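See structure below.
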Amino acid sequence: MSDFDPDDDYYDDDEAELVDCPACGAAIYEEAEQCPVCGEYITHSTSPWAGKPGWWVALGMLGIIAMIVAMALS
Ligand SMILES: [Zn+2]
């Protein structure tokens with residue numbers, strides 16, 4: 001590896017764990033929220049909703065919609 005190759009920055013840091021981007025396969029920092037190569041957002045947990053506030057918003061909206069439907073049908 002060349003010390004002058006900027007691409008090697010991803011591989012030279014011993015403190016950061018590297019994972020493969022699920023979208024493009026690039027080696028990215030495990031703690032990265034977004035792939036710097038393709039822009040895909042990275043999830044680290046087996047729980048699909050962990051660290052995903054959007055899920056809670058969606059669940060809240062579903063609850064509101066359910067209430068509206070329930071009121072409309074009553
Ligand atoms: Zn990627």
Top-ranked residue of region 37-54 - restricted to ones that are within 10 Å of the ligand (Cβ to nearest atom), part of a loop (DSSP other than H, G, I, E, B) and open to solvent by 80 Å² or more (accessible area, probe 1.4 Å), ranked as modelled with the highest pLDDT: VAL37
Residues (open to solvent by less than 40 Å² (accessible area, probe 1.4 Å), over 9 Å from ILE42 (Cα atoms) and under 13 Å from the mean Cα position of the chain (by Cα)) located in region 20-32: ILE28
Pair list, Cβ < 8 Å and 6+ apart or interchain, from region 53-74 residues that are within 26 Å of TYR41 (Cα to Cα) to residues that are exposed (fewer than 10 other Cβ atoms within 10 Å of the Cβ): TRP55/PRO48
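The values are calculated or read from the model by the stated rules, or taken from the named source; none is laboratory data. Predicted, not measured: the structure shown is a model, and the values here were computed from it. When we count neighbours, we look across all protein chains shown, and the Cβ atoms used for this are built from the backbone with ideal geometry, even at glycine. With ligands, DNA and RNA removed, areas are computed over all heavy atoms of the protein, side chains included. Shrake-Rupley method; radii C 1.70, N 1.55, O 1.52, S 1.80 Å.
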